[in-house]
Amino acid sequence: MNNRTAYLPYIALAAVCIIWGTTYLALRVAVLHFPPFLFTAIRQCSAGLLLLGIMAVASPAKLPSVKQLARLAVAGFFMITLGNGLVAWAEMHISSGMAAILCSTMPAMVIIINLSIHREEKPTLPIVAGVFLGLAGITIIFGEHITEFSKTEYLLGIIMTLLAVVSWAFGSLWIKKQSTDFNPFVSAGFQMIFGGLLALPLSVVFDDLQTVQWTTEFFYPLLYLIVFGSVIAYASYLYALRKLSMTIVSLYAYVNPLVAVVLGWLLLDEKLNGIIGIGILTTIGGIYLVNRKNRYKNLGEA
């Protein structure tokens, strides 16, 4: 990487930090008017086809082999079908800000999964302290929504979001460890297509397809999420993931919840007060501690 291009991965990471913070709001608006897994399928397949079309015109590249396509399908299932699809389902029942806060635990989850895979690596005191501090922050936030836990749908939304975080972290680590020598944007396109297609069976099982209505409340969030949330941000994420360490890339999760919570408060009148603010900062502080000793370590090579 020469001096002229050395800053490009960091620009890509900055785009991920901001754009993905806004997508929680757009997704919340969309799934209130459209079945979540079907929405995920349409969004990701459209975005993947668009990205591959752009690459075919702008910079024709060698297509992945069958073996590489199989790897991309696995990554697409964990990061798109489950990572995006479960969050979309959850946002029918929890606020966009809450979803973003829970998803901000992804860096900690990356470390925990990595330690569980490489059992010879022992968790350090900062990692243990960071995990407990992050849990304390989320507990503070939950305390401001305690009445919501009497609703089964709300509790399921929390659980599904946490499962999405685990899936996204696992998929990120998995694809980071694979040997890929083809264009990262082509990789992103195929992952989105595979992830979208694999969301269709979940749509048949879990979506109420009788509620499908092709309204502007569905179309405008879809258009925004295709162009910005999927094509630009997801491709930027994979580009940054290839050029930077997993731990550095995962720092986007510090910024996303702040953007999402403020936008949810401003535009959807979601709850935000001083106690929730303290909970958010506590959670982010815990994530920082977990990452502090690993910030410049490439987890893909661990």
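Read the figures in this text as sums done on the coordinates, not as results from a lab. It should be emphasised that the depicted structure is a prediction, and the values quoted were computed from it without experimental measurement. Neighbour counts run over all protein chains shown; Cβ positions are idealised from the backbone, glycine included.
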Using all Cα-Cα distances in region 53-145, what percent lands in each 10 angstrom bin from 0 up to the longest?
12, 27, 30, 21, 9, 1
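Sort 60-66, 39-45 by the packing proxy (mean of other Cβ within 10 Å over each peptide's residues), most packed first.
Working: 60-66: 11.4, 39-45: 25.9.
Per-residue Cβ counts within 10 Å, averaged per peptide and sorted highest first, yield 39-45, 60-66.
Over the chain, what is the relative contact order in percent, taking alpha-carbon pairs closer than 8 angstrom and at least six residues apart? The partial results should precede the final answer.
Numbers: 474 pairs, mean separation 125.8, N = 302.
This gives 42 percent for the chain.
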Largest-first principal axis extents of the Cα set of region 1-106 (Å)
44, 34, 24
Evaluated at q = 0.10, 0.12, 0.15 Å⁻¹: base-10 log I(q)/I(0), Debye formula over Cα of region 8-301
-0.50, -0.73, -1.17
So between Leu163 and Val57, what do we pick up on full extension, going 0.36 nm a residue minus the alpha carbon distance?
34.4 nm
For region 75-179, listing trypsin sites (Lys or Arg not before Pro) in a DSSP loop whose Cβ sees at most 11 other Cβ atoms within 10 Å gives Arg119
Label zone at Leu32, where the point sits 7 Å out along the Cα-to-Cβ direction: region 131-169 residues whose backbone N lies under 17 Å
154
Before rounding to the nearest 500, sum -39500 (n - 2.57) across all DSSP H runs of length at least 4 in the chain and divide by the residue total; then give [θ] at 222 nm in deg cm²/dmol.
-23500 deg cm²/dmol
Springs between alpha-carbon pairs under 10 angstrom, Gaussian network model over the chain: which of Ser116, Ser167, Ser230 fluctuates most?
Ser116
I need two numbers for region 1-56: Rg to one decimal and Dmax as a whole number, Cα atoms only, in Å.
15.4, 47
One finds the C-alpha centres of region 6-79 and region 159-173 to be spaced, in Å, by 16 Å
